[in-house]
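Comments concern the structure below.
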Amino acid sequence: MNPIEKRLELLKSNITRAAQKNKRRIEDIHLICVTKYAPIKDVVEAVRCGCYEIGENRFQEMRKKYGALGNILPAVEFQKIKWHFIGHLQTNKIKSVLRYASMIQSVDSLNLIDLINKQAKKINRKAELLLQVNISKEDSKFGFDAARARDFLRRAGEYPFLNILGLMGIARFSDNEDLPRREFRALKRLFDAQNEILKENGHAQMSILSMGMSNDYKIAIEEGSNMIRLGSAIFGG
C-alpha cells in the first residue's frame, strides 16, 4: 500500500467516526481532493484510489491538471472526475473556469454572482455554485457575512442561470478547537434556517454544506458538514 492509499484509509476511518457522532454514514460525506500543491503523479494515484472530485484554487492549475490527467488516465476514468473551483475567483477568469469546473464553491460577492449568471446565460448552461460565507469574520478571508447571504438567498430566483446548491465556509486556524467548532456551528444554523425558509416558500432546498479542511475536517463533520476539502491530509506535507 503506497502512502496515498494509507492516508486515504486513515481518512476513511476518521470520517466514519466523525459522521457516526451525528448518526450519519461515510457515504453522506463528499471528499474533495485538493490538488494545488500535489505533483501530477500523486494526483493520478489519488484518482486511481477513487478520488473523483478534485478541487483547485487557481484556474491555471486547474487547466494544467485537467490536461495532464486527460493525457494519462483512460477516458473512462478521466470522465468520472468532477472539478471544483475553490479559490477566490477573479472576474476575468469566470468564462474560463465555467469551461472546466462543475462547481464553483467560492462565490463571495453579488458582483461575482451577476457576472457568473451573465456568462452562464451566454453558454446556455446553469452554473452550480456555493455561497462562501466568511464565518471567521477575518479581513483576510473572502465571503458574504451571514446577513448578506440571507438577503441574497431570498432573491436567488432572480438568477435563472444559477443553481445555488449550498454554503461554503473556512474556519480560522487555531489550536483551540472550540473556535472553529463555533464557526462551523454558526454556518450550520444559517444553512438549516435558510432551508426552512426555502421549504416554506416551495423552493428546492440547498443540499451541500462545504466546511472542513485537513486541519479541522473531523470537527466540521461533527458539526454537520457533508463536504470536506482535503489536500495535505491526502498528499502529505
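The values are calculated or read from the model by the stated rules, or taken from the named source; none is laboratory data. Just so we're clear, the structure is a prediction, and the values are computed from it rather than from any experiment. In this analysis, Cβ positions are derived from the backbone assuming ideal geometry, glycine residues included, and neighbour counts consider all displayed protein chains.
Tell me whether region 90-104 contains one or more residues that are within 17 Å of ALA156 (Cβ to Cβ), of a type in the set (S, T, N, Q) and in contact with a strand residue (DSSP E or B) (Cβ under 9 Å, 6 or more places away or on another chain). Steps first, please.
Taking region 90-104 as the starting set, the residues that turn out to be within 17 Å of ALA156 (Cβ to Cβ) are 103-104.
Those still in the list that are of a type in the set (S, T, N, Q) too: none.
No, region 90-104 contains no residue that is within 17 Å of ALA156 (Cβ to Cβ), of a type in the set (S, T, N, Q) and in contact with a strand residue (DSSP E or B) (Cβ under 9 Å, 6 or more places away or on another chain).
Look at region 195-213 and say how many of its residues are surrounded by fewer than 16 Cβ atoms within 10 Å (Cβ to Cβ) and either without any contact (Cβ under 8 Å) to a residue 12 or more places away in the chain or of a type in the set (Lys, Arg) (or both). Walk me through it before giving the result.
We begin by selecting, within region 195-213, every residue surrounded by fewer than 16 Cβ atoms within 10 Å (Cβ to Cβ); these are 196-197, 199-205, 207.
Of the ones still in play, those that are also either without any contact (Cβ under 8 Å) to a residue 12 or more places away in the chain or of a type in the set (Lys, Arg) (or both) are 196, 199-202, 204-205.
Number of matching residues: 7.
Quick check on region 195-211: of everything there that is in a loop (DSSP other than H, G, I, E, B) and under 30 Å from CYS33 (Cβ atoms), which residue is farthest from the chain's Cα centre (by Cα)?
Out of the qualifying residues, it is ALA204.
Taking the stated definitions as given, is ARG154 at negative phi, out of contact with any strand residue (DSSP E or B) (no Cβ under 9 Å at 6 or more places or on another chain), without any contact (Cβ under 8 Å) to a residue 24 or more places away in the chain and not acidic (Asp, Glu)?
Details: at negative phi: yes; out of contact with any strand residue (DSSP E or B) (no Cβ under 9 Å at 6 or more places or on another chain): yes; without any contact (Cβ under 8 Å) to a residue 24 or more places away in the chain: no; not acidic (Asp, Glu): yes.
Judged against the criteria, ARG154 is not a match.
List the pairs whose first member sits in region 57-68 and is farther than 12 Å from ILE81 by Cβ, whose second member is at pLDDT 95 or above and not hydrophobic (A, V, I, L, M, F, W, C), and whose Cβ atoms are under 6 Å apart, counting only residues at least 6 apart or on separate chains?
Pairs found: ASN57/GLY87; ARG58/GLY87; PHE59/LYS93; PHE59/SER96.
Go through region 2-40 residue by residue and tally those that are in a loop (DSSP other than H, G, I, E, B), closer than 17 Å to ALA220 by Cα and of a type in the set (A, V, I, L, M).
Applying the first criterion (in a loop (DSSP other than H, G, I, E, B)) to region 2-40 yields 2, 21-25, 29, 35-39.
Checking which are closer than 17 Å to ALA220 by Cα leaves us with 21-25, 29.
Checking the rest, the ones that are also of a type in the set (A, V, I, L, M) come to 29.
Looking only at that region, the number is 1.
List, please: which pairs have Cβ atoms under 8 Å, are six or more places apart or on different chains, and start with a residue in region 168-188 that is closer than 14 Å to SER140 by Cβ and end with one that is surrounded by fewer than 14 Cβ atoms within 10 Å (Cβ to Cβ)?
Going by the 8 Å Cβ cut-off, the qualifying pairs are ARG172/GLU138.
May I ask you to list the residues in region 99-147 that are aliphatic (A, V, I, L, M) and farther than 22 Å from TYR66 by Cα? Write out each step before concluding.
Narrowing region 99-147 to residues aliphatic (A, V, I, L, M): 101, 103-104, 107, 110, 112-113, 115-116, 120, 123, 127, 129-131, 133, 135, 146-147.
Answer for region 99-147, where residues must be aliphatic (A, V, I, L, M) and farther than 22 Å from TYR66 by Cα: LEU110, LEU112, ILE113, LEU115, LEU131, VAL133, ILE135, ALA146, ALA147.
Would you pick out the residues in region 97-126 that are in contact (Cβ under 8 Å) with a residue 24 or more places away in the chain and either within 20 Å of ILE32 (Cβ to Cβ) or in contact with a Cys (Cβ under 9 Å, 6 or more places away or on another chain) (or both)?
VAL97, LEU98, TYR100, ALA101, SER102, MET103, ILE104, GLN105, SER106, VAL107, ASP108, ILE116
Inside region 22-60, can you point out the residues that are modelled with pLDDT under 95, closer than 24 Å to LEU130 by Cα and among the charged types (D, E, K, R)?
Within region 22-60, ARG24, ARG25, GLU27, ASP28, LYS36 qualify.
Pairs, please: C-beta under 7 Å, at least 6 apart or cross-chain, first residue under 20 Å from MET103 (Cβ atoms) and in region 127-141, second surrounded by 23 or more Cβ atoms within 10 Å (Cβ to Cβ) and among the charged types (D, E, K, R)?
Hits for this filter: ILE135/GLU183.
Quick check, is ALA19 buried (at least 17 other Cβ atoms within 10 Å of the Cβ) and either at pLDDT below 95 or small (Gly, Ala, Ser) (or both)?
Numbers: buried (at least 17 other Cβ atoms within 10 Å of the Cβ): yes; either at pLDDT below 95 or small (Gly, Ala, Ser) (or both): yes.
So ALA19 fits the description; yes.
Which number in (1) in a helix (DSSP H, G or I); (2) crowded, with 21+ Cβ neighbours inside 10 Å marks the one condition that ASP192 misses?
Looking at each condition in turn, ASP192 falls short on (2).
Here's a check for you: in region 41-52, which residue that is assigned to a helix (DSSP H, G or I) and touching a residue at least 60 places away in the same chain (Cβ under 8 Å) is nearest to TYR217 (Cα to Cα)? Step through it out loud before you land on a result.
Initial filter on region 41-52 (assigned to a helix (DSSP H, G or I)): 41-48.
Okay, now just the ones that are also touching a residue at least 60 places away in the same chain (Cβ under 8 Å), so 42, 46.
Details: ASP42: 21, ALA46: 18 Å.
The residue in question is ALA46.
Would you point out the residue of region 48-71, among those that are of a type in the set (A, V, I, L, M, F, W, C) and in contact with a Lys or Arg (Cβ under 9 Å, 6 or more places away or on another chain), that is farthest from LYS95 (Cα to Cα)? Give the steps one after another, and end with the answer.
First pass over region 48-71, keeping only residues of a type in the set (A, V, I, L, M, F, W, C): 49, 51, 54, 59, 62, 68-69.
In the following step, the residues that additionally are in contact with a Lys or Arg (Cβ under 9 Å, 6 or more places away or on another chain) were identified as 54, 59.
Values: ILE54: 19, PHE59: 11 Å.
Filtering first and then ranking leaves ILE54.
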